[in-house]
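For reference, the structure discussed in these notes is given below.
The values are calculated or read from the model by the stated rules, or taken from the named source; none is laboratory data. Just so we're clear, the structure is a prediction, and the values are computed from it rather than from any experiment. Methodologically, a virtual Cβ is constructed for each residue, glycine included, from the backbone with ideal geometry; neighbour enumeration extends over all protein chains shown. We work out accessible area using only protein heavy atoms, side chains counted, and drop any ligands, DNA or RNA first. Shrake-Rupley method; radii C 1.70, N 1.55, O 1.52, S 1.80 Å.
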Amino acid sequence: TESSVERAAFDYAYINEEFAVAMKYLTDRGLGEETIKKFGLGYSDKYSDDLYRYLKSKKYSDELLRESGLFNVDERQGMYDKFWNRVIFPIMDVNNRVIGFGGRVMGDGLPKYLNSPETKLFDKSRNLYGLHAAKKARKDYFLLCEGYMDVIALHQAGFTNAVASLGTAFTPQHAILMKRYVQQVILTFDSDNAGINAALRAIPILKNAGLSVKVLNMKPHKDPDEFIKAEGAEAYEERIRQAQNGFLFEIGVLRSRYDFRDPDRKTAFQVETAKKLLEFEDEMERSNYIEAVALAYDINAVELRRKVNQMGAGLLPGETWSTPVQENENKRREEKKRQKDTSDKKAQRMLLAWMAAYPSAYEQIKELVMPSDFTVPGYQKLAQMIYENLEEGKEINPSELTSHFIVQYPDGAADEGAEQEYKMISEVFHTGLGESVTKEEKERIFSDLVRKVKSDSLRLAGRDVSDLAAFQEIVKTQEKLRRLQIKL
């Protein structure tokens, strides 16, 4: 089975006679033998075909080895090891089963860190490094780190509730997974700008999953590994006690972008703060945060509360309420438009999910529905990437595609639009595909989604058509849609 391939590969990496090379690297990083054994750390030697030859000697087929994600294939070399000359970090699921690997190169080779691709066993967005051990800590919070070494260093120092995402952006699925075990998460990301931005992305995801969030300050050190080496476990424990409330951390980062010596900039900060305070639906909770923010940043609490209430009512200074008749009509129009937008967006999201899950259907639909038919901007970009991959015969890798939408914060300014787009793309690859329905029902659903997305696109295009030939082409396409029956 594929699981037995992973297990055999793990045994090989651990017992290899050249393990001493990696052992020196790990001990130089301050790791003891017990910790190395606990996390199953090992080494893949400098030869790029040793693992392949070893597993072939165990009678594994090339097809199964290819599916394991542990090998690369090209015309010149054939099949060869993905991991060689690297310290190996086995990745285990919550039940202690090896499902993938991370590798840190020995020397100056690139890439410095390499991870297994996603496979049937290994879904990066639904697993956390170290969770198999952290769940046993019996604490009511997890320490969320950025990298494998941070997790390992924290466990060795006694903080056995540390976990990390697997070389990919933190996702809602990660947060849901953590919610099974704890009620609170303390972010212990790197203290540089990249770490701060990663924390800003993770906080709302964790909150949406119903988790309480705090942020640990490690300055002047970069990461947990460096901090503990420099100051020790007791000092780190004190930083945990001092960890800042997640919302107040966000406000603190926001404050750093405004010069209070300029009245306009101070006003702009207060307006942005008022917007963020509207995130709290509970009036008492919102009131408590208004008081906390006002006290921390020398803001008049009464004025801040007035601004929050004003923005919550959707009014600008000097605005008046609509009449009840106008208000009802506006609501009716907005609701109708919202339902239409939601329907179109859902259909496009689901079609992308089906295309990614069933690439064999590509040849049946590629001449019928195009990337340009996806009218939601983020979906159109994703469709283009999926089409390019399928045209080149590549496998669809959800993590790789999603990584193109990872939110960037240029010059420290948060891009809310990019944040929303990233969430939309992440949802595509976690859309339920009716696993319990029959093959015939799947084919019908898939066909209906193609019809829906293409028909919506044709309807929009038809509004501006005045040329007879163009109109006839639309009619031909509609007829093809009626006859479409995808076969899986």
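When the Cα centres of region 24-86 and region 153-217 are compared, how far apart do they sit, in Å?
About 29 Å separates the Cα centre of region 24-86 from the one of region 153-217.
Could I have the simple spin-label model distance between Arg261 and Ala357, label points 7 Å from Cα toward Cβ, reported in nm to one decimal?
5.8 nm
Starting from the residue with the highest accessible area, list Asp264, Asp373 in decreasing order, probe 1.4 Å.
Largest accessible area first, the list is Asp264, Asp373.
Going through region 86-130, which trypsin sites (Lys or Arg not before Pro) have at most 16 other Cβ atoms within 10 Å and a DSSP loop state?
Arg97, Lys112, Lys120
Please state the shape class of region 106-192: rounded when a/c is under 1.5, otherwise prolate if a/b exceeds b/c and oblate if not, all from the C-alpha gyration tensor.
oblate
Per 0.36 nm of contour for each residue apart, how much would the distance between Gln384 and His404 grow if the chain were fully extended, relative to their Cα-Cα spacing?
That works out to 6.0 nm of additional length.
Which whole-number value in Å² is the accessible area per residue of region 18-138, probe 1.4 Å?
51 Å²
Return the distance in nm (one decimal) between the two label points of a simple spin-label model at Glu67 and Leu368, each offset 7 Å from Cα along Cα→Cβ.
Those two pseudo-labels are separated by 2.9 nm.
Rounded to the nearest 0.05, what FRET efficiency do Arg241 and Glu281 give with R0 = 30 Å and r taken as the Cβ-Cβ distance? Could you check?
The calculated FRET efficiency here is 0.55.
Can you tell me which lysines have their Cα less than 18 Å from the Cα of Lys38? Leave out same-chain residues fewer than eight positions away.
Lys38 reaches Lys24, Lys135, Lys136.
Give me, ordered by chain and number, the residues 5 or more places off Phe101 or on other chains with an amide H under 5 Å from its own placed amide H.
Ile91, Ser116
Over 21 Å between C-alpha atoms is what I'm after, so list which of Lys120/Lys381; Lys46/Lys222; Lys120/Lys394; Lys124/Lys394; Lys439/Lys476; Lys381/Lys480 land there.
Beyond 21 Å: Lys120/Lys381; Lys46/Lys222; Lys439/Lys476; Lys381/Lys480.
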